[in-house]
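A quick write-up on the structure given underneath.
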Amino acid sequence: MVPVHKTPGWIQRIFPQRIWQKRADDQSIYLTFDDGPVPGVTDYVLDQLNQRDQKATFFMVGDNVRKHPELALKVIQAGHSIGNHTFHHLHGLRSSKEKYLENIRKCDLIFEEVLGIQTSLFRPPYGWMTPSQAKEVAKEKRVVMWDVLSGDYDPKLKPQKILNTCLEKLEIGSIVVFHDQEKTRDVLPQFLPEFLDAIKQKEMKTGVL
């Protein structure tokens, strides 16, 4: 399967309680960055967004917040929103319900300790949860998925391919997934500035979830 893709409507209909797109009456799209904060990557993303007065939502791994508290705070101070991405980036299908839920709680605790805030947003790492995990998570969190997956983490994808396909699949209300992590350190500078410039030229706004 090609990593860069538009999430099919039939998948969205199977899980209607999850957020795949967001109704936007003001030309808004929703940029999201997963797996940070990571020094040299997250701050690069922040700089690019700041240059264009654009906003995003960062789904943070709790252990990375613990390791890099000042960088996590920088995201908040720049006016972006954050979401819970578990403490250890757990794969739901490979974790027991108890372990998975405890990892989410642990991420919430580090957010409160380091950032002084909580978030109702959650994105499952890899996009997978078991039905029992999902049922419990939905009691306290809004599960945010996506309708455009950039595939920026795949070293086989050329930056131009990522750029072109993301722009092609984009529509008002889209939730787009990028990653501010080690795997994307080198590729982000090769397509992100052009992408951000392109959506600005299309007169699209960037909102936070």
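What follows is calculated from the coordinates using simple rules that are stated; it is not laboratory data. None of the values given here were measured: they were computed from a predicted structure. FYI the Cβ positions are ideal-geometry reconstructions off the backbone, even for glycines, and counts take in every protein chain you see.
How large is the dipole of the chain about the Cα centre if only Lys and Arg carry +1 and Asp and Glu carry -1, each at its Cβ, rounded to the nearest 20 debye?
Values: 29 positive and 27 negative charges, 140 e Å.
The dipole magnitude comes to about 680 debye.
Beyond a 31 Å Cα-Cα separation, which of these cross-linked pairs lie in this structure: K67/K169; K106/K158; K55/K97; K158/K202; K74/K139? Please report the intermediate quantities before stating the final value.
Numbers: K67/K169 35 Å; K106/K158 36 Å; K55/K97 33 Å; K158/K202 23 Å; K74/K139 29 Å.
The pairs that break the limit, which is 31 Å between Cα atoms, are K67/K169; K106/K158; K55/K97.
Return L170, L31 ranked ascending by Cβ neighbour count within 10 Å, so the fewest neighbours appear first.
Working: L170 19, L31 27.
Ascending Cβ contact count within 10 Å gives the list L170, L31.
Sequence-distant or interchain residues sharing an amide H contact under 5 Å with T206, placed H: which?
I29, K55
In the chain, how does Rg compare with the Kirkwood Rh, expressed as the Rg/Rh ratio over alpha carbon atoms?
Numbers: Rg = 16.1 Å, Rh = 17.1 Å.
Across the chain, the Cα-based Rg/Rh ratio is 0.94.
In terms of the ratio Rg/(2.2 N^0.38 Å) built on C-alpha atoms, what value belongs to region 73-149? Working shown, then result.
Values: Rg = 12.5 Å, N = 77, 2.2 N^0.38 = 11.5 Å.
The reported ratio for this selection is 1.09.
Suppose only helical runs count, i.e. DSSP H with n ≥ 4. What mean residue ellipticity at 222 nm does that imply for the chain under -39500 (n - 2.57) per run, divided by all residues and rounded to the nearest 500 deg cm²/dmol? Could the numbers behind the result be given before it?
Working: 8 runs with 77 residues, N = 209.
Roughly -10500 deg cm²/dmol at 222 nm, from the helical runs in the chain.
Could you list Y100, Y126 so that the one with the fewest beta carbons within 10 Å of its beta carbon is first and the one with the most is last?
Ordered by Cβ neighbours within 10 Å, fewest first: Y126, Y100.
For I82, enumerate residues with amide H under 5 Å from its amide H, sequence gap 5+ or separate chain, H modeled in the peptide plane.
So I82 has HN proximity to F58.
For region 44-58, take each phi angle, set θ = phi - 60°, evaluate the Karplus expression 6.51 cos²θ - 1.76 cosθ + 1.60, and give the result in whole Hz per residue in order, putting x for glycine and proline.
5, 4, 4, 5, 5, 5, 5, 4, 10, 6, 10, 10, 8, 10, 10
What number in nm² do you get for region 1-78 if you take the convex hull of its Cα atoms and divide its surface by four? The partial results should precede the final answer.
Numbers: hull surface 29.3 nm².
Mean shadow area of the hull around the Cα atoms is 7.3 nm².
Quick one: order T130, T184, T165 by neighbouring beta-carbon count within 10 Å, fewest to most. Mind showing how you got there, number by number?
Working: T130 16, T184 28, T165 20.
Ordered from fewest to most neighbouring Cβ atoms within 10 Å, T130, T184, T165 come out as T130, T165, T184.
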